[in-house]
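Encoded as structure tokens, the structure appears first; notes follow it.
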Amino acid sequence: MDLNLQGKTALVSASTSGIGYAIASQLLEDGATVIVNGRSAATVQHAAAALGERFGAGRVLPLVADMSVAGSELAAAAAYPQVDILVNNMGSYALSDFFSTSDADWQAMFETNVWSGVRLARTYMKGMLERGRGRVIFISSEVALTPMAAMAHYSASKATQLSISRSLAELTKGSAVTVNSVLPGPTETESLKGFIESVNPGLAYADAERKFMQENRPSSLIYRLAKPAEVANVVAFLASERAAVINGAAIRAEGGTVQTIA
Ligand SMILES: NC(=O)c1ccc[n+]([C@@H]2O[C@H](COP(=O)([O-])OP(=O)(O)OC[C@H]3O[C@@H](n4cnc5c(N)ncnc54)[C@H](OP(=O)(O)O)[C@@H]3O)[C@@H](O)[C@H]2O)c1
């Protein structure tokens, strides 16, 4: 399917590796120019060079900024005043016992997972509404719908993203701007693979992944981790004109783990 993103500029937060990198790569594949973001010049340069080699250096734009820090959105806007597609991908997770999770832990989780997206949407969505077209996509998580005690702050941050996403969609009435969320399930990023390995020392990775699915995601229908590129396909579709009628939606890309009909 040709998604025809030529002429569009996309900003993907946290895109030097993981799901964000796969999204950047897919949007480039579909013709967009992509702003690649990470915290350090070295990681951004490394990712931009790899993507530039495949898709042309002129279509890969660097943004070195810690998006969990207030003001980073202003630095982004100073460098790149206008984007057509904003993917609020940045997010971190942590297992944390509720009773020893401090205010600071909760606040850091919300700065990273919620405030980064709020600030970037506030910065870029007005221009989209003025131009009458654009895309804002929040990368949430299945745990927004299936909150976990072992990561209450992460679950809450991901559920909050769904609310913000739907609220912002209400601002788009009558325009060709859409705001949606994508809810991945466990996805085969280096960080998740590292986590699975760390809790199963000595086990071969394939066996450790199988054990992870059995113990942690028994209701999964795909019964494996998703590939970052599989999540990126969904995001690229939402970013395209082909998805013009999908607005204000929370799209599950979690392999059927959440046992619901809607
Ligand atoms: N992986 C999963 O299983 C899974 C499941 C459901 C939902 N999700 C969601 O999907 C999104 C991406 O997850 P992921 O697993 O791909 O994450 P990840 O692998 O931990 O992300 C790594 C990327 O995040 C960047 N990054 C981290 N902190 C940053 C900051 N403060 N400012 C800018 N960039 C920052 C890193 O860049 P530098 O190192 O260059 O700074 C790197 O590009 C998150 O919102 C996550 O909640 C993931």
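The values are calculated or read from the model by the stated rules, or taken from the named source; none is laboratory data. Keep in mind it's a predicted model, so treat the numbers as computed, not measured. Don't worry about glycine lacking a Cβ; one is built from the backbone with ideal geometry, like all the others, and counts go over all protein chains shown. For accessibility, only protein heavy atoms count, side chains too; no ligands or nucleic acids. Shrake-Rupley method; radii C 1.70, N 1.55, O 1.52, S 1.80 Å.
Only protein heavy atoms count here; under a 1.4 Å probe, Ile246 has an accessible surface of about 40 Å².
Put Lys173, Lys158 in order of accessible area, largest first, 1.4 Å probe: what do you get? Numbers along the way, then the final one.
Details: Lys173 170, Lys158 5 Å².
Reading off the accessible areas and sorting them downward yields Lys173, Lys158.
Against the chain, whose longest principal axis comes from its Cα atoms, helix 152-169 is set at around 30 degrees.
Of the listed residues Tyr93, Tyr154, Tyr124, Tyr205, the order by accessible area with a 1.4 Å probe, largest first, is Tyr93, Tyr205, Tyr154, Tyr124.
His153 contributes about 10 Å² of solvent-accessible surface, heavy atoms of the protein only, 1.4 Å probe. Please say if the stretch 11-60 is rounded, prolate or oblate, where rounded means a/c under 1.5 for a ≥ b ≥ c the square roots of the C-alpha gyration tensor eigenvalues, and otherwise the choice is prolate for a/b larger than b/c and oblate otherwise? Oblate, since a/c reaches 1.5 and b/c is not below a/b.
Here is the link list: Lys8/Lys193; Lys173/Lys227; Lys8/Lys227; Lys173/Lys193; Lys126/Lys227. Which ones come out longer than 29 Å on Cα distance?
Lys8/Lys193; Lys173/Lys227; Lys173/Lys193; Lys126/Lys227
Projecting label points 7 angstrom from Cα along Cα→Cβ for Arg210 and Ser163 puts them 4.2 nm apart.
To the nearest 0.05, how large is the calculated FRET efficiency for Ala262 and Ala42 if R₀ is 25 Å and r is the Cβ-Cβ distance? Please report the intermediate quantities before stating the final value.
Numbers: r = 44 Å, r/R0 = 1.75.
That pair, Ala262 with Ala42, gives E of 0.05.
Taking the protein heavy atoms of the chain in the context of the full set of protein chains, the accessible area attributed to carbon and sulfur is 56 percent at 1.4 Å.
Summing charges over neighbours of Ile85, with a neighbour being any other residue whose Cβ is under 12 Å away from its Cβ, gives 0 when K and R count +1 and D and E count -1. Given R₀ = 35 Å, FRET efficiency for Ile222-Leu74 by Cβ-Cβ distance, to 0.05? Taking R0 as 35 Å, the efficiency between Ile222 and Leu74 is 0.30.
Take Glu230: with every protein chain present and a 1.4 Å probe, its accessible area is about 70 Å². Below 8 Å, C-alpha to C-alpha, sequence gap of six or more: please give me the relative contact order for the chain in percent. After rounding, I find 19 percent. Extending 7 Å from the Cα toward the beta-carbon at both Leu129 and Arg242 defines two label points whose distance is 3.0 nm.
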